[in-house]
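**Q** One structure follows; several queries about it will come next.
The values are calculated or read from the model by the stated rules, or taken from the named source; none is laboratory data. Here the structure is a predicted model, which means the values were calculated and not measured. Cβ: placed from backbone, ideal geometry, glycine included. Neighbour counts: every protein chain shown. Just the protein is used for accessible areas: all its heavy atoms, side chains included, with ligands, DNA and RNA removed. Shrake-Rupley method; radii C 1.70, N 1.55, O 1.52, S 1.80 Å.
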Amino acid sequence: MTDTIIRSVKGMHDVLPPASRTFAQIEAEMRRVFGRYGFAELRTPIVEETRLFSRGIGEETDIVAKEMYTFCDRDGTSLTMRPEGTASAVRAYVEHGLAASDPVARWYYTGPMFRHERAQKGRYRQFHQIGAEIFGLSDAAADAELIHMLADFTRGLGVRGVALGLNSLGCPVCRPAYRAALGAFLAGAAGRLCEDCQRRRETNPLRVLDCKKEGCRDATADAPASIGHLCAECAAHFAQVRAWLDAFGDAYALDPRMVRGLDYYNRTTFELLATDPEAGAQNAVAGGGRYDGLVEMLGGRPTPAVGFAIGVERLAALVPSAKEAPPPSVDVFVMAVGPGTVVAAARLASELRAKGITVELDGSEKGFKAKFKRADRSGAAFAVVIGGDEAARGACAVKALASRPLPDGVKQVEAPLDGAAAFIAGMLA
Ligand code: HAM
């Protein structure tokens, strides 16, 4: 006996049944809905070269500056456990030369992501994302269709109490003028900003709008908004996104302060927020936007792209069945008692499972009493007993358990082992 229990790493959690059923339900819905929109699944490694993320997400972001799980490989290469999926999707798109054949790719992915954040409710150090990315389409229709797919997906899961926020961050043409206007505003408010924002004001002024500290939010309440500084092309693109969303019937609210926590975005950005105050500060269920410069920045041909990612833990908290998921039910409890029963029990359990019947097989050394106790707990309709005597006769005993009496109040019937699976399936039907 050791005197210390080994626990999971802080901020990294087990997903036990029945919560794991909600995860499976979410993944099944992801495949069903995203498949209908023509998306195919992408699987990338969990570990990538660090420079993929530092270059892709941006050195000034919290993720790269403070939150990455980075370590040296044995040959000295700096590696990082992925903090998000977009940079890896772009790396795969460029590495496999997909732009050369058909630049349009629609991919989705799911898996664990890692960020060394201050752990609290809704914020973990290992969490899961479901993401979707479209490469090769610059039209506003692609942005709107992704947002619509996100709404379709969450609606299909019965999620209520979420609202979509929408913004446009402009492009390299209009961003410099906006940055200058914001910079001038922030210079006037510098004395009221936190220490981090004093620095961000110089390095990446848009980040200041993302600061959660109340003082900084107050100081920037009247800061200029990017949607007021869009060039003609970006303004037209944003108007089209909105027209498409109206056509799809998707509700949204403009959120001019939304800058997102990653540097690769241009034009459309969006977030799906939980409106219930219980969600607290960690109320962003999903976020995404356009990142037309990232493929080229990571060595590919200029390729427009747009995508989003959902936090699975935060989504699961909003899926109604999360609280109601019934435990998995066992149909038949097969017990082998005594020598010479192993072959018959193994064969019967296999035959029943092949018929789609859920079987718990107890082949332990325990006696009848202990086994029946376990059978009663399992919730099975019947116990099937194969003792030495039955096995010798080529038979098994089917016994009623509390949850399902046999017809005519009979407590037990004997059935030949040959054909027993069909006999039991008939009784369950
Ligand atoms: P993100 O906003 O950093 O975007 O993350 C997306 C979602 O992941 C968040 O809305 C949240 O639900 C969840 N999430 C993030 N951090 C945590 C955490 N520490 N604990 C629990 N959940 C968390 C991205 O990752 C972009 N790659 C999205 C994207 C895809 N943009 C374009 N394509």
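**Q** Taking VAL104 as meeting all but one of (1) in contact with a strand residue (DSSP E or B) (Cβ under 9 Å, 6 or more places away or on another chain); (2) within 12 Å of the ligand (Cβ to nearest atom), write down the number of the exception.
**A** Failing condition for VAL104: (2).
**Q** Tell me the residue from TYR69, TYR93, TYR109 that is surrounded by fewer than 18 Cβ atoms within 10 Å (Cβ to Cβ) and either in contact (Cβ under 8 Å) with a residue 24 or more places away in the chain or within 18 Å of the chain's Cα centre (by Cα) (or both), please.
**A** Going through TYR69, TYR93, TYR109 in turn, just one is surrounded by fewer than 18 Cβ atoms within 10 Å (Cβ to Cβ) and either in contact (Cβ under 8 Å) with a residue 24 or more places away in the chain or within 18 Å of the chain's Cα centre (by Cα) (or both): TYR69.
**Q** Another question, then. Would you pick out the residues in region 209-239 that are without any contact (Cβ under 8 Å) to a residue 24 or more places away in the chain, under 29 Å from the mean Cα position of the chain (by Cα) and open to solvent by less than 60 Å² (accessible area, probe 1.4 Å)?
**A** Passing the criteria: only CYS211.
**Q** Another question, if that's okay. Which one of these is in contact (Cβ under 8 Å) with a residue 60 or more places away in the chain, more than 14 Å from the ligand (Cβ to nearest atom) and either among the hydrophobic types (A, V, I, L, M, F, W, C) or surrounded by 14 or more Cβ atoms within 10 Å (Cβ to Cβ) (or both): ARG314, ARG267, ARG290, ARG242?
**A** Checking each option against the conditions leaves just ARG242.
**Q** Provide a single number: the residues in region 275-287 that are aliphatic (A, V, I, L, M) and more than 9 Å from the ligand (Cβ to nearest atom).
**A** Qualifying residue count for the region: 2.
**Q** What's the number of the only condition in (1) within 27 Å of VAL295 (Cβ to Cβ); (2) away from the ligand (no atom under 16 Å from the Cβ); (3) aliphatic (A, V, I, L, M) that ALA24 fails to meet?
**A** All conditions are met except number (1).
**Q** Give region 49-65 a look and list any residue that's modelled with pLDDT of 95 or more and either open to solvent by 50 Å² or more (accessible area, probe 1.4 Å) or in a strand (DSSP E or B) (or both), or say none.
**A** Those that are modelled with pLDDT of 95 or more and either open to solvent by 50 Å² or more (accessible area, probe 1.4 Å) or in a strand (DSSP E or B) (or both): GLU49, ARG51, ARG55.
**Q** Give the residue, chosen from ILE46, ILE26, that is buried (at least 16 other Cβ atoms within 10 Å of the Cβ), outside the structural domain of ARG201 (by TED's automatic domain parsing), under 29 Å from VAL104 (Cα atoms) and in contact (Cβ under 8 Å) with a residue 40 or more places away in the chain.
**A** ILE26
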